[in-house]
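Peer 1: If you scroll down you'll find the structure; I have some questions about it.
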Amino acid sequence: MAKGSIVIQLNRTDSQDNHFKDLVRLLDADLAERDGKDHSFYARYNKISLIKNVVIAYEDSQAVGCGAFKEFAPSIVEIKRMYTLPEHRGKGIARAILYELENWARDLGYEQCILETGKRQPEAIYLYQKAGYTSTANYGQYVGIDNSVCFSKQIATL
């Protein structure tokens with residue numbers, strides 16, 4: 001992906017990738033600050049071991065963003081662990097990662113993506129809405145959680 005003079009490379013990998021682990025540590029620190037006392041509730045659902053589908057974005061060989069998905073149901077994946085380094089935001093990196101995750105899921109035969117984000121993450125909400133996700137009822141462990149906002153998007157080819 002090229003944006004102006006910036007070249008972003010997207011690599012598919014898994015949760016054993018050290019760059020992914022490093023980015024997730026930064027993501028978790030950011031979320032702990034944003035979520036405050038609610039962080040421990042969310043943290044237990046964000047373990048990264050055994051995630052098979054991870055995308056990492058690189059700019060000039062530096063890992064600058066990541067995202068992942070895992071199967072939620074036979075035709076549905078859940079988007080997880082989306083993060084871009086603060087100094088690299090506003091360049092379209094998160095959107096590129098999200099589209100790569102959707103394409104990968106579609107290639108594997110999935111028809112829908114779902115995800116959860118928090119009300120204290122307005123930039124994430126904006127990203128998902130701009131990428132065609134629609135608000136949906138909270139699912140699974142997020143039912144009844146006031147800070148959670150859930151989204152869905154059909155990705156099946158017609």
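The values are calculated or read from the model by the stated rules, or taken from the named source; none is laboratory data. Small disclaimer: the values here were computed from a predicted structure and weren't measured. A quick note on method: Cβ atoms are made from the backbone with ideal geometry, for glycine too, and the neighbour counts reach across all protein chains shown. Surface accessibility is based on the protein's heavy atoms, side chains included, excluding ligands, DNA and RNA. Shrake-Rupley method; radii C 1.70, N 1.55, O 1.52, S 1.80 Å.
Peer 1: Among the residues in the stretch 93-102, are any more than 14 Å from the chain's Cα centre (by Cα) and open to solvent by 30 Å² or more (accessible area, probe 1.4 Å)? Before the answer, list the steps.
Peer 2: Kept after step one, since they are more than 14 Å from the chain's Cα centre (by Cα), are these residues of the stretch 93-102: none.
No, the stretch 93-102 contains no residue that is more than 14 Å from the chain's Cα centre (by Cα) and open to solvent by 30 Å² or more (accessible area, probe 1.4 Å).
Peer 1: If you don't mind, another one. Out of the stretch 61-72, which residues are free of Cβ contacts under 8 Å to residues at least 40 places away in the same chain and open to solvent by 30 Å² or more (accessible area, probe 1.4 Å)?
Peer 2: S61, Q62, K70, E71, listed by residue number.
Peer 1: Name the pairs: first residue in the stretch 129-145 and of a type outside the set (F, W, Y), second residue exposed (fewer than 13 other Cβ atoms within 10 Å of the Cβ), Cβ to Cβ under 6 Å, at least 6 apart or on different chains?
Peer 2: Listed pairs, sorted by first residue: Q141/Y45.
Peer 1: Oh, and also: Report, by residue number, each residue of the stretch 58-83 that is farther than 23 Å from E111 by Cα and not polar (S, T, N, Q).
Peer 2: The answer is Y58, E59, D60, A63, V64, G65, Y83.
Peer 1: Residues that are touching a Lys or Arg at 6+ places or on another chain (Cβ under 9 Å) and under 19 Å from I8 (Cα atoms): list the strands (runs of 3 or more DSSP E) wholly contained in the stretch 57-157 that include at least 3 such residues.
Peer 2: 62-73
Peer 1: Further question on the same structure: Note down all Cβ pairs under 7 Å where the first residue falls in the stretch 84-95 and is under 10 Å from G65 (Cα atoms), the second is assigned to a helix (DSSP H, G or I) and at pLDDT 95 or above, and they're at least six residues apart or on different chains.
Peer 2: So the pair list comes out as T84/I93; T84/A94; A94/L127.
Peer 1: For the subset of the stretch 124-151 comprising residues that are open to solvent by 30 Å² or more (accessible area, probe 1.4 Å) and small (G, A, S), which member is nearest to I97 (Cα to Cα)?
Peer 2: Going through the qualifying residues, I end up with G132.
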